[in-house]
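Trainee: Take a look at the following structure, please.
The values are calculated or read from the model by the stated rules, or taken from the named source; none is laboratory data. This structure is a prediction, so every number in the text was calculated from the model and none was measured. Here Cβ is always computed from backbone atoms with ideal geometry, including for glycine, and neighbour counts include all displayed protein chains. Ligands, DNA and RNA are stripped out before the accessible areas are found, and what is left, the full protein with its side chains, is counted by its heavy atoms. Shrake-Rupley method; radii C 1.70, N 1.55, O 1.52, S 1.80 Å.
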Amino acid sequence: MQQSTGVLYVVATPIGNLGDMTDRARKVLSEVDLIAAEDTRQTLRLLTHFGISSKLVAYHDYNEAVVAPRLLAEIDAGRSVALVSDAGTPLISDPGFSLVAAARERGLSVVPVPGANAAICALSAAGLPSDRFLFVGFPPRTRSHRLAWLAELDEERGTLILYESGKRILATLVDIGEALGESRRLVLAREMTKYFETFLAGTPCELVQRLDGDAEQRLGEFVVLVAGNADAGDADRAEAERVLRILGESLPLAQAVSIAARLTGVKKNALYRLGLELNLAQGTAATDSGE
Ligand code: SAM
């Protein structure tokens with residue numbers, strides 16, 4: 001291994017199918033001095049499967065304040081540590097953030113060893129727009145908090161990616177319908193890479209009915225993908241248009257655009273295009289030359 005000491009490796013592990021373990025993850029895990037694992041019993045099963053015998057130490061949300069400084073001291077002393085979670089990529093709805101942040105702050109070397117991640121895995125096969133997306137992790141567990149949390153996401157144009165357990169999937173789907181509207185397209189990615197992998201698509205109401213009538217479809221782990229809000233930004237545009245029209249009555253387009261940008265926060269080039277669409281340049285063409 002090129003660099004085997006004084007490094008914190010952040011190692012992704014499979015999200016169900018052990019065939020997704022990368023060669024590099026196996027190599028790093030077998031060569032490090034210490035593996036910091038969210039659940040040592042779970043990771044021990046993985047390590048045993050791959051014949052890896054590196055030393056394990058528990059690192060989770062409840063002991064990180066005590067364990068993180070010890071791990072940093074090990075790395076400071078020139079030893080290599082690998083951070084893993086129960087499944088997928090550490091830090092993504094999993095422990096590790098404070099360790100990685102502290103290691104970076106100390107100028108230690110932090111090396112990602114990429115692999116499975118449920119959010120990206122679901123996005124890659126859902127058939128919803130993937131050019132822009134927002135990962136938001138697990139929704140709050142109580143209904144009022146969940147509805148408020150979802151309402152804050154209503155204006156997002158990109159595909160939303162949520163994590164949810166089988167226990168709460170039905171309640172979350174009901175709340176998505178209520179907070180984001182029944183016209184949204186959803187994809188449920190269940191038990192990906194495992195035997196019962198299922199992708200279901202539909203409106204919130206259709207998926208609630210589907211899961212309500214089929215207990216098996218409520219079992220396991222879920223990624224919920226919600227199509228972004230295609231209408232978001234309409235209010236901004238309407239306001240920008242109103243302001244630009246008023247300013248355009250008495251000012252050259254460039255000046256109207258500049259003031260409208262300051263008043264509305266909309267980008268100048270978008271406003272300029274809007275001004276041209278609205279023919280605002282016509283009456284002021286002489287003063288606008290050079291735009
Ligand atoms: N760090 C992990 C990752 O990189 O995806 C996520 C850990 S988070 C504690 C666990 C959640 O991820 C599950 O409750 C579920 O929402 C999602 N998840 C993990 N594995 C999954 C799978 N095989 N199929 C669907 N969802 C999965």
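Trainee: Going residue by residue through the range 152-160, is there one that turns out to be within 15 Å of the ligand (Cβ to nearest atom) and either open to solvent by 30 Å² or more (accessible area, probe 1.4 Å) or modelled with pLDDT of 95 or more (or both)?
Mentor: Scanning the range 152-160 turns up at least one residue that is within 15 Å of the ligand (Cβ to nearest atom) and either open to solvent by 30 Å² or more (accessible area, probe 1.4 Å) or modelled with pLDDT of 95 or more (or both).
Trainee: Now a separate question. Across the range 1-32, what is the total count of residues that are part of a loop (DSSP other than H, G, I, E, B) and modelled with pLDDT of 95 or more?
Mentor: The qualifying residues number 8.
Trainee: Name every residue in the range 44-63 that is touching a helix residue (DSSP H, G or I) at 6+ places or on another chain (Cβ under 9 Å) and either open to solvent by less than 50 Å² (accessible area, probe 1.4 Å) or part of a loop (DSSP other than H, G, I, E, B) (or both), in order of residue number.
Mentor: Within the range 44-63, Leu46, Leu47, Phe50, Gly51, Ile52, Ser53, Ser54, Leu56, Val57, Ala58, Tyr59, His60 qualify.
Trainee: So, one more: If we keep just the residues of the range 161-170 that are over 16 Å from the mean Cα position of the chain (by Cα) and open to solvent by 10 Å² or more (accessible area, probe 1.4 Å), which is nearest to the ligand (Cβ to nearest atom)?
Mentor: Checking each candidate, the answer is Ser165.
Trainee: To continue, here is another question. Could you grab the pairs with beta carbons closer than 7 Å, sequence gap of 6+ or different chains, first residue in the range 189-212 and open to solvent by 60 Å² or more (accessible area, probe 1.4 Å), second one within 12 Å of the ligand (Cβ to nearest atom) and part of a helix (DSSP H, G or I)?
Mentor: Cβ pairs passing all conditions: Phe199/Ala125; Phe199/Ala126.
Trainee: Does the range 88-143 hold any residues that are charged (D, E, K, R) and surrounded by fewer than 16 Cβ atoms within 10 Å (Cβ to Cβ), and which are they?
Mentor: Hits for the range 88-143 are Arg104, Glu105, Arg106, Asp131, Arg132, Arg141, Arg143.
Trainee: Pull up the range 171-216, narrow it to residues that are of a type in the set (Asp, Glu) and over 20 Å from Asp154 (Cα atoms), then point me to the one that is nearest to the ligand (Cβ to nearest atom).
Mentor: If we take residues in the range 171-216 being of a type in the set (Asp, Glu) and over 20 Å from Asp154 (Cα atoms), then Glu191 is nearest to the ligand (Cβ to nearest atom).
Trainee: Any residue that is farther than 22 Å from Ala215 by Cα and outside any strand (DSSP E or B) - is there at least one of those in the range 169-176?
Mentor: Checked against the condition, which is being farther than 22 Å from Ala215 by Cα and outside any strand (DSSP E or B), the range 169-176 yields no hits at all.
Trainee: Mind checking which pairs have a first residue in the range 106-129 that is small (Gly, Ala, Ser) and a second that is more than 16 Å from the ligand (Cβ to nearest atom) and open to solvent by less than 30 Å² (accessible area, probe 1.4 Å), Cβ under 9 Å, 6 or more apart or different chains?
Mentor: Ser109/Gly6; Ser109/Val7; Ser109/Leu8; Ser109/Ile75; Ser109/Ala103
Trainee: Is it true that some residue in the range 121-128 is of a type in the set (A, V, I, L, M, F, W, C) and farther than 30 Å from Leu29 by Cβ?
Mentor: Yes, that holds for at least one residue.
Trainee: Just to be sure I understand the filter: pairs with C-beta atoms under 9 Å, separated by 6 or more residues or on different chains, first member in the range 11-33 and open to solvent by 60 Å² or more (accessible area, probe 1.4 Å), second member away from the ligand (no atom under 16 Å from the Cβ) and in a strand (DSSP E or B). Which pairs pass?
Mentor: Asp33/Lys55; Asp33/Val81
Trainee: Same structure again: Can you spot a residue in the range 225-232 that is farther than 30 Å from Lys268 by Cα and open to solvent by less than 30 Å² (accessible area, probe 1.4 Å)?
Mentor: Yes - at least one qualifying residue is present in the range 225-232.
Trainee: Considering only the range 201-253, state which residues are within 30 Å of Leu274 (Cα to Cα), assigned to a helix (DSSP H, G or I) and either modelled with pLDDT of 95 or more or not hydrophobic (A, V, I, L, M, F, W, C) (or both).
Mentor: Asp234, Asp236, Arg237, Glu239, Glu241, Arg242, Arg245, Gly248, Glu249, Ser250
Trainee: Of Glu38, Glu74, Glu31, Glu64, which residue is of a type in the set (D, E, K, R) and touching a Phe, Trp or Tyr at 6+ places or on another chain (Cβ under 8 Å)?
Mentor: Selected residue: Glu38, the only one of Glu38, Glu74, Glu31, Glu64 that is of a type in the set (D, E, K, R) and touching a Phe, Trp or Tyr at 6+ places or on another chain (Cβ under 8 Å).
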